[in-house]
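J.: Supplied in structure tokens, the structure appears directly below.
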There are 2 protein chains.
Amino acid sequence: MELNEEELLEAIRRVLSGAGPEVRVGVGDDAAVLAPTGGELVVTTDALVEDVHFRREPAGARDLGYKAIVVSVSDIAAMGGSPRSAVCALILPADIEAAWVMELFGGMREACDEYALWLVGGDLARGREVSIAVTVTGEVAPGTAVLRSGARPGDHVVLTGEVGGSAAGLRLTHVRTMPSAAQLALVRRHLRPTARVGEGRVLGRHGATAMIDVSDGLALDLFRLGRASDVGAHLSIDDVPVADGATLDDALGGGEDYELLATLPGAEAVGAARLELKESFGVTLTTIGRIVEGSGLRAIDADGTARPLEPTGWNHFR
Amino acid sequence: MELNEEELLEAIRRVLSGAGPEVRVGVGDDAAVLAPTGGELVVTTDALVEDVHFRREPAGARDLGYKAIVVSVSDIAAMGGSPRSAVCALILPADIEAAWVMELFGGMREACDEYALWLVGGDLARGREVSIAVTVTGEVAPGTAVLRSGARPGDHVVLTGEVGGSAAGLRLTHVRTMPSAAQLALVRRHLRPTARVGEGRVLGRHGATAMIDVSDGLALDLFRLGRASDVGAHLSIDDVPVADGATLDDALGGGEDYELLATLPGAEAVGAARLELKESFGVTLTTIGRIVEGSGLRAIDADGTARPLEPTGWNHFR
């Protein structure tokens with residue numbers, strides 16, 4: 001069908017109707033306006049591209065919209081911040097169905113409701129493939145943002161939840177037989193990931209020296225954290241919490257788990273953070289390694305032997 | 001050549017090096033962090049897509065990067081705000097040259113320097129065509145944002161500068177003969193538009209009731225302003241300031257001029273704003289019509305006859 005930008009924007013505006021008192025101006029003006037908070041402004045942007053990050057499935061638009069918001073919210077979480085607003089630059093091919101686009105926005109709205117942020121603006125453009133560029137703004141109390149660059153030798157490396165589930169779920173989306181309940185849970189983990197917003201704030205409060213979200217693979221993201229901090233890291237392979245149904249390769253190199261990988265300055269901080277995460281969110285916190293002098297990653301096996309670990313993971317230009 | 005995201009990001013980081021004290025965290029972490037200002041947060045996003053908004057020319061990357069920033073800065077200007085930061089989600093095909101990408105970022109940096117904002121983050125992804133989604137954040141003093149929706153019957157319709165030049169310049173980019181100086185000026189207006197940031201603040205201070213930037217064509221953008229304000233507009237065709245070398249059709253339907261179209265509540269406000277814009281920026285302010293009860297656009301000819309005016313202009317889904 002032929003889409004008219006004005007008509008589509010009007011329909012989208014209806015899906016997005018409803019904005020809190022902190023949204024001074026929402027969708028439909030030249031720009032959105034939000035009330036000041038006194039906090040520092042946190043900003044991140046991520047693009048999802050058809051046939052690179054997702055396949056365009058008739059029934060997949062809602063999950064895709066949901067995920068497009070969550071991946072950026074996860075970046076805000078990894079700073080110890082709270083999300084506030086989202087804008088979306090959406091590129092659509094000529095053969096797209098309006099219903100598909102409305103479902104996409106419905107999924108974005110659902111994620112925004114769940115993570116308490118507002119979808120306040122966007123841009124629609126024509127292109128050869130669907131791409132969804134979401135920018136999320138958030139806030140953090142002044143001076144409390146947790147960077148990638150603060151890890152110090154001796155720090156404990158900790159991880160929320162379990163990893164590998166998303167990669168295992170992605171594999172299962174290609175299976176044509178009836179999936180089991182466990183398999184469905186993995187597929188859901190891939191299609192509807194969770195951003196660890198409250199968990200990020202708790203880790204920040206307990207003194208996290210560095211933090212990153214596991215978007216491209218545990219090994220690659222730990223490597224990045226170490227490089228930004230100018231330190232090395234030891235990863236205790238047997239301690240990595242691998243999701244049920246996933247392999248160790250999924251856990252180390254799979255990506256898209258959106259768990260938080262952080263460094264904490266001692267066993268006491270780890271214990272206190274673990275307790276609070278368990279009590280507040282029912283989320284586990286696992287110690288999976290140590291920060292060391294030097295650079296690069298080393299895998300520590302059960303018998304204590306160390307070997308270099310390649311930072312495999314998702315390279316967006318492969 | 002094969003691009004590696006890590007290497008390219010590192011090169012980009014060098015182009016973008018340099019950030020003011022208000023940038024707490026710039027490119028390279030999960031998200032950027034900016035100091036609080038006490039103002040309201042203004043956010044806008046725009047995508048430029050290959051073969052829709054631009055052709056990929058070997059020598060055109062710098063201008064394209066510059067323009068990608070300016071079009072979003074212009075949206076901030078149209079709220080009466082000041083830009084502060086930009087993030088860019090960039091989609092690149094496999095056949096792109098790294099040098100082209102570096103020039104693109106060079107142009108973005110140039111525009112950011114000129115408009116005093118910081119390029120603080122981005123995302124790179126693979127795709128079939130180049131697309132550049134820029135999100136700009138800005139600030140406005142609480143309660144002073146100028147919306148599209150405040151125009152009232154009797155208000156004067158005013159326009160900064162001249163329109164049609166960008167459309168005329170676009171036509172000239174296809175001409176193979178040696179261009180004249182006047183033609184080069186039009187081409188430049190298309191490739192390197194100006195965002196009216198200071199002008200927008202002046203118009204806001206002089207009581208602008210509504211404002212929009214002329215991105216899709218004067219007639220269409222005036223129609224949008226009227227619709228958002230629930231009023232009609234009379235446009236005095238002979239008063240429209242048409243750029244030298246452009247036609248009236250370019251001026252009414254051409255788009256991409258990024259002049260500001262505003263409504264002011266009386267002749268006194270118009271005179272005061274005109275004087276300040278002339279003195280501060282050397283920019284003209286022309287009265288081109290009046291806001292009336294009702295809806296839609298009417299063109300007023302030199303002899304005073306009125307006729308309905310179609311809101312022609314750029315529909316992004318054509």
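J.: How much accessible surface area, in Å² rounded to 10, belongs to the heavy atoms of residue A:278 with a 1.4 Å probe?
T.: 110 Å²
J.: At 1.4 Å probe size, put B:66, B:115 in order of accessible surface, largest to smallest.
T.: Reading off the accessible areas and sorting them downward yields B:115, B:66.
J.: What residue among A:300, A:291, A:69 shows peak mean-square fluctuation when chain A is described by a Gaussian network model with Cα springs under 10 Å?
T.: With Cα springs under 10 Å in chain A, the top fluctuation among A:300, A:291, A:69 is at A:300.
J.: Out of all DSSP beta bridges in segment B:48-146, what portion is antiparallel? Express it as a percent rounded to 5.
T.: Here the share of antiparallel DSSP bridges comes out near 55 percent.
J.: Would segment B:208-318 count as rounded, prolate or oblate if I go by the C-alpha gyration tensor, calling it rounded below 1.5 in a/c and otherwise prolate when a/b exceeds b/c, oblate otherwise?
T.: Rounded, since a/c falls under 1.5.
J.: Could you state the per residue volume, in Å³, of the convex hull enclosing the Cα atoms of segment B:120-279?
T.: Cα convex hull per residue, to the nearest whole number: 165 Å³.
J.: Amide H neighbours of residue A:295 under 5 Å, counting only residues 5+ apart in sequence or on other chains, H built in-plane at 1.01 Å?
T.: Placed amide hydrogens put A:232 under 5 Å from residue A:295.
J.: When chain A is treated as a GNM, springs tying every alpha-carbon pair under 10 Å, which of A:89, A:251, A:125 comes out with the largest mean-square fluctuation?
T.: With Cα springs under 10 Å in chain A, the top fluctuation among A:89, A:251, A:125 is at A:125.
J.: Every other copy gets compared here: list the nm distances from the residue B:9 label point (7 Å along Cα to Cβ) to its counterparts, shortest first, one decimal.
T.: Residue B:9 label point versus its equivalents elsewhere: 3.3 nm.
J.: When DSSP beta bridges are limited to those with both residues in the protein assembly as shown, what percentage is antiparallel, rounded to the nearest 5?
T.: Bridges in the protein assembly as shown are about 75 percent antiparallel.
J.: Which distances in nm, rounded to one decimal and ordered from shortest, link the label point of residue B:59 to the equivalent label points in the other identical copies, with labels set 7 Å from Cα toward Cβ?
T.: 5.4
J.: In nm, one decimal, shortest first: how far is the label point of residue B:271 (7 Å from Cα along Cα to beta carbon) from the matching points in the other copies?
T.: Here the equivalent label points are 7.9 nm apart from this one.
J.: What relative contact order, as a whole-number percentage, does segment A:223-316 give when Cα pairs under 8 Å and 6 or more residues apart are counted?
T.: Once divided by the residue count of segment A:223-316, the mean separation gives 47 percent.
J.: How large is the helix-only mean residue ellipticity at 222 nm for chain A, computed as the sum of -39500 (n - 2.57) over DSSP H runs with n ≥ 4, divided by its residue count, in deg cm²/dmol to the nearest 500?
T.: -10500 deg cm²/dmol
J.: Applying the Karplus parametrisation 6.51 cos²θ - 1.76 cosθ + 1.60 with θ = phi - 60° to the phi angles of segment A:76-89, what ³J(HN,Hα) value in whole Hz is obtained for each residue in order, glycine and proline being reported as x?
T.: Coupling constants for segment A:76-89: 5, 4, 5, 9, x, x, 10, x, 10, 9, 9, 10, 9, 9 Hz.
J.: If you don't mind, there's one more thing I want to ask. Of all beta bridges DSSP finds with both residues in chain B, what is the antiparallel percent, to the nearest 5?
T.: 75 percent
J.: How high is the relative contact order of chain B? Use alpha-carbon pairs under 8 Å, at least six apart in sequence, and give a whole percent.
T.: 21 percent
J.: Right, next: If I ignore ligands, DNA and RNA and count only protein heavy atoms, how much of residue A:136 is accessible to a 1.4 Å probe, in Å² to the nearest 10?
T.: Estimated to the nearest 10 Å², residue A:136 gives 0 Å².
J.: Could you put A:293, A:40 in order of accessible surface area, largest first, with the 1.4 Å probe and the full protein assembly present?
T.: The most accessible residue leads, giving A:293, A:40.
J.: Still on this structure, please answer the following. Find the Rg to Rh ratio for segment A:57-132, where Rh is the Kirkwood radius over alpha-carbon pairs and Rg uses the same atoms.
T.: Answer for segment A:57-132: 0.99.
J.: Could you order B:190, B:53 so the one with the most accessible surface comes first? Probe is 1.4 Å.
T.: B:53, B:190
J.: Could you tell me how far the Cα centroid of segment B:32-74 sits from the Cα centroid of segment B:206-269, in Å?
T.: For segment B:206-269 versus segment B:32-74, the Cα centre distance is 23 Å.
J.: Accessible area of residue A:173, 1.4 Å probe, to the nearest 10 Å²?
T.: Using a 1.4 Å probe on the heavy atoms, I get roughly 60 Å².
J.: Would you look at the GNM of chain B, springs on alpha carbons closer than 10 Å, and say which of B:164, B:289, B:271 moves the most?
T.: B:271
The values are calculated or read from the model by the stated rules, or taken from the named source; none is laboratory data. Predicted model only: the values in this text are computed from it and were never measured. Neighbour counts are summed over all protein chains in view; Cβ atoms, including those assigned to glycine, are modelled from backbone coordinates with ideal geometry. SASA here: full protein model, heavy atoms, side chains in, ligands and nucleic acids out. Shrake-Rupley method; radii C 1.70, N 1.55, O 1.52, S 1.80 Å.
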